[in-house]
Amino acid sequence: MEINRIAAASLELLVSMCLFSAGEMLQPQRIIDCNTAGILPRASYQSECRIYPNGDTATPGCGMMLGITAGITNRLNIGLSYGGDGIIGRKSPVFNPHIGALIKYRIVEESYFVPALAFGYDHQGFGGIDGEYNGYVFKSQGFFLVVSKNYLLFTKVQIGLHGGIDYSLEEYEKIKWPNGYAGVDMGINEELAIAVEYNLALNQRDPGKDSTKYANPFDGFLNAGVRWSFTTSLYMEFDVKDLLQNKVNHGNALLGWDRELKLVYLQHF
């Protein structure tokens, strides 16, 4: 019995040394596309530039999106974004159907045992313009509720776990069911980090199937990316979207996985 107690105590000590809560760490605002519970501190802002393939795969060139998010308080962020397809290319650009908007409020702060909890509204889709329904290839999240928890592994490796539900207002008159997502980000060292997210895509309809049915959660979108921080205020991110190649357009043609480049700058007022 004494040996068992010593072994249990040793195991508990080892786990405590290897993995402990990191509630004071600054979380990323998004896993890749999906929101986290991370919030910019008051009197700070984050500007972002995305370069991505056109939503119309038959049209050469690339789209570009610019966005800015500001920390109004230590719990409240607001943001705007805008861009269009074909901005980089030879043909005339097609601009986004509407301005993207974000408002996010952090209800519960992260602590040792409790994850951070945030809710908000995000009206910015990604992956280019889908002209069939005046929206985006990957729909905006709309209303969302998300939890995030950070940990440190061996006091060096930062790991963030995220999960949430959302309800998009794109095609809301046809699709009534909410969506879900989960993801993880991990800092390899002070410069490099990786992120993976899985979007269940419950609010996506497959045009090749019965239009009265919702998408299969096992046919969701798997995204992965790597971040390279040049300084504490500037990082570049390379993302690969829909690795499982489940997204089809309204003509029932497979879009295939795509590659995107993101540049983010964070600064205080």
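The values are calculated or read from the model by the stated rules, or taken from the named source; none is laboratory data. All figures in this text were calculated on a predicted structure; none of them were measured in a lab. As a convention, Cβ positions derive from the backbone with ideal geometry for all residues, glycine included, and neighbour counts pool all protein chains shown.
Select, from Tyr82, Tyr105, the only residue that is farther than 23 Å from Gln27 by Cα, modelled with pLDDT of 95 or more and touching a Gly at 6+ places or on another chain (Cβ under 8 Å).
After ruling out the rest, the residue left standing is Tyr82.
How many residues does region 110-139 contain that are exposed (fewer than 15 other Cβ atoms within 10 Å of the Cβ) and either modelled with pLDDT of 90 or more or touching a strand residue (DSSP E or B) at 6+ places or on another chain (Cβ under 9 Å) (or both)?
Number of matching residues: 5.
Residue check: is Ala224 over 20 Å from Asp122 (Cβ atoms), under 19 Å from the mean Cα position of the chain (by Cα), at pLDDT 95 or above and surrounded by 14 or more Cβ atoms within 10 Å (Cβ to Cβ)? Walk me through how you get there before you give the answer.
Numbers: over 20 Å from Asp122 (Cβ atoms): yes; under 19 Å from the mean Cα position of the chain (by Cα): yes; at pLDDT 95 or above: yes; surrounded by 14 or more Cβ atoms within 10 Å (Cβ to Cβ): yes.
So Ala224 fits the description; yes.
Scan region 30-42 and report the pairs whose first residue is under 15 Å from Arg106 (Cβ atoms) and whose second residue is among the aromatic types (Phe, Trp, Tyr), with Cβ atoms within less than 7 Å and a gap of 6+ or a chain change.
Asn35/Phe144
Could you grab the pairs with beta carbons closer than 7 Å, sequence gap of 6+ or different chains, first residue in region 103-118 and under 10 Å from Ser148 (Cβ atoms), second one among the charged types (D, E, K, R) and surrounded by 17 or more Cβ atoms within 10 Å (Cβ to Cβ)?
That search, which allows pairs on different chains as well, returns Glu110/Lys149; Pro115/Lys149; Ala116/Arg106; Ala116/Glu110; Ala118/Lys104; Ala118/Arg106.
So, in region 81-97, exactly how many residues are closer than 28 Å to Gly120 by Cβ and touching a Ser or Thr at 6+ places or on another chain (Cβ under 8 Å)?
1
For region 80-93: of the residues being part of a strand (DSSP E or B) and without any contact (Cβ under 8 Å) to a residue 40 or more places away in the chain, which is farthest from Ser47 (Cα to Cα)?
Of the residues in region 80-93, the ones part of a strand (DSSP E or B) are 80-88.
Narrowing the set further to residues that are without any contact (Cβ under 8 Å) to a residue 40 or more places away in the chain leaves 80, 82-83, 86-88.
Details: Leu80: 10, Tyr82: 12, Gly83: 14, Gly86: 21, Ile87: 19, Ile88: 20 Å.
Restricting to residues being part of a strand (DSSP E or B) and without any contact (Cβ under 8 Å) to a residue 40 or more places away in the chain, the top hit is Gly86.
Conditions tested, residue by residue: (1) assigned to a strand (DSSP E or B); (2) in contact (Cβ under 8 Å) with a residue 24 or more places away in the chain; (3) among the β-branched types (Val, Ile, Thr).
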{"position": "Tyr136", "(1), (2), (3)": "yes, yes, no"}
{"position": "Phe143", "(1), (2), (3)": "yes, yes, no"}
{"position": "Ile165", "(1), (2), (3)": "yes, no, yes"}
{"position": "Leu169", "(1), (2), (3)": "no, yes, no"}
{"position": "Asp185", "(1), (2), (3)": "yes, yes, no"}
{"position": "Glu190", "(1), (2), (3)": "no, yes, no"}
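Given the condition in a loop (DSSP other than H, G, I, E, B), under 23 Å from Phe238 (Cβ atoms) and more than 18 Å from the chain's Cα centre (by Cα), answer yes or no: does some residue in region 115-131 qualify?
No, region 115-131 contains no residue that is in a loop (DSSP other than H, G, I, E, B), under 23 Å from Phe238 (Cβ atoms) and more than 18 Å from the chain's Cα centre (by Cα).
With Gly163, Gly142 as the choices, which residue is of a type outside the set (A, V, I, L, M, F, W, C) and closer than 28 Å to Asp85 by Cβ?
Gly142
Quick check on my filter: what residues within region 132-174 are within 30 Å of Thr59 (Cα to Cα), of a type in the set (S, T, N, Q) and within 15 Å of the chain's Cα centre (by Cα)?
Ser140, Gln141, Ser168
So which residues in region 108-146 are within 18 Å of His162 (Cβ to Cβ) and among the β-branched types (Val, Ile, Thr)?
Val108, Val114, Val146
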